[in-house]
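Inspection log for the structure reproduced underneath, given as structure tokens.
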Amino acid sequence: RTPSRRSPIRNFVANIWQGVVNRREHAKTDPAKGRKKVLQFAAISASIDPMSTGRANLNTPSGNSKIMVASAAEKTDSSTSYHLLGNMLAGGVAGCGVESVLFPLDTIKTRLQAGSSMGAMQWTGLYKGLYGNMMGAFPASAVFFGVYEPVKNALERKMPDYTFLAHFGAAATANLAASIVRVPSEVVKQRLQTNQFNSAFQAFSSIARKEGPRGLYAGYGAFMLRDLPFDIVEFVAYEQMKTAYTRGQGRDLNPTEVAVIGGGAGVLTGVLTTPFDVIKTKLMVQGTTKQYSGVVDCAVKLVKAEGPRALFSGVGARVTWIGLGGCIFFSTLEAAKKVFVPQESEGMEAVENKTKKK
């Protein structure tokens with residue numbers, strides 16, 4: 001039979017009464033929590049037209065203010081997506097910023113490490129391959145921070161007393177995800193820097209056609225051998241120093257402090273990972289010559305031919321590049337987060353105060 005018009009009204013009254021009962025129960029254990037929950041429950045109930053189940057009552061001033069509370073949960077869910085997108089945008093901007101500023105130093109470092117592979121050192125075309133590198137730097141950095149921030153936050157909640165492990169795990173996971181984009185971009189960039197091609201498109205298409213996917217991911221093992229420990233050491237050092245300094249000062253870091261801490265973390269990891277970077281460069285720029293069969297073979301041949309110092313070829317340019325890069329990258333990242341990453345959404349207390357005022 002057709003339900004009477006009293007049913008929705010009775011349900012409405014019953015819901016309000018149940019909210020009062022719930023408030024009393026919650027107040028016994030946690031008064032603030034009980035008050036907060038019944039406010040949300042009552043706001044949802046009061047925003048429904050009693051004559052029609054499920055239709056919001058927006059015709060009264062109080063309806064608008066109370067529906068704000070009812071949609072707080074939806075805002076919390078949507079803010080997660082905004083945080084993810086914001087972190088990806090911030091990472092992409094920071095990655096492109098540091099690459100564009102320090103690209104000439106990276107070119108010099110690459111040419112020094114390539115050494116006999118390209119003949120005499122060339123000092124022209126230091127920005128060659130920049131555009132192509134930007135096409136890879138933005139998505140690679142975006143993927144990295146799209147993974148790093150959520151994983152870091154989740155691990156920090158699970159192990160609050162061992163945050164360095166959270167940063168370790170987050171950096172490792174993000175590095176593995178970003179390597180899918182980073183390695184082909186790095187191969188194309190270094191082939192351009194060593195004057196093997198004239199454009200990023202030509203380099204990518206030629207490598208893909210002649211060498212296939214293996215060519216685009218040439219030196220993947222060496223790349224991961226360098227970048228995985230690099231990202232882990234750099235981000236663990238940065239996050240730990242940042243946390244310790246923030247707690248000591250009782251405030252957030254200013255841009256200068258962010259730059260100093262980021263630069264210090266970059267210099268340390270730059271020195272420690274230079275041998276891996278040299279091996280990675282040799283493997284990536286060898287092309288079809290196949291002078292080296294792998295990481296170990298490359299290291300052994302380098303040491304035999306040029307001595308142990310060959311493993312630290314270009315260390316000066318690399319440390320300078322990474323140190324300055326740390327300053328620029330983390331400063332840009334923190335500034336970009338303020339622009340792209342939403343601040344914490346209003347708590348229920350703030351919504352409650354707005355509701356009372358209205």
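Computed quantities for the displayed model
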{"item": "Hey, LEU283 under 24 Å from the mean Cα position of the chain (by Cα), buried (at least 19 other Cβ atoms within 10 Å of the Cβ) and hydrophobic (A, V, I, L, M, F, W, C) or not", "result": "no"}
{"item": "Evaluation of LYS304 against (1) more than 16 Å from PHE168 (Cα to Cα); (2) assigned to a helix (DSSP H, G or I); (3) touching a helix residue (DSSP H, G or I) at 6+ places or on another chain (Cβ under 7 Å); (4) without any contact (Cβ under 8 Å) to a residue 60 or more places away in the chain (one fails), failing number", "result": "(3)"}
{"item": "Matching entry among PHE223, PHE197, PHE235, PHE204 (being surrounded by 15 or more Cβ atoms within 10 Å (Cβ to Cβ) and outside any helix (DSSP H, G or I))", "result": "PHE197"}
{"item": "Residue match in segment 244-267 (condition: without any contact (Cβ under 8 Å) to a residue 60 or more places away in the chain, open to solvent by 50 Å² or more (accessible area, probe 1.4 Å) and within 27 Å of VAL188 (Cα to Cα))", "result": "yes"}
{"item": "GLY86 vs. criteria surrounded by 18 or more Cβ atoms within 10 Å (Cβ to Cβ), modelled with pLDDT of 70 or more and outside any loop (DSSP other than H, G, I, E, B)", "result": "yes"}
{"item": "Options VAL300, VAL271: the member that is open to solvent by 20 Å² or more (accessible area, probe 1.4 Å), among the hydrophobic types (A, V, I, L, M, F, W, C) and at pLDDT 90 or above", "result": "VAL300"}
{"item": "Hits in segment 315-324 (condition: surrounded by 22 or more Cβ atoms within 10 Å (Cβ to Cβ) and either modelled with pLDDT of 85 or more or under 21 Å from GLU257 (Cβ atoms) (or both))", "result": "ILE322"}
{"item": "First in segment 186-202 and closer than 20 Å to ASP227 by Cβ, second anywhere and of a type in the set (D, E, K, R), Cβ under 6 Å, 6 or more apart", "result": "LEU192/LYS128"}
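The values are calculated or read from the model by the stated rules, or taken from the named source; none is laboratory data. Small disclaimer: the values here were computed from a predicted structure and weren't measured. Cβ atoms come from the backbone with ideal geometry, glycine included; neighbour counts cover every protein chain shown. Heads up: the accessible areas ignore ligands, DNA and RNA and are worked out on the full protein's heavy atoms, side chains in. Shrake-Rupley method; radii C 1.70, N 1.55, O 1.52, S 1.80 Å.
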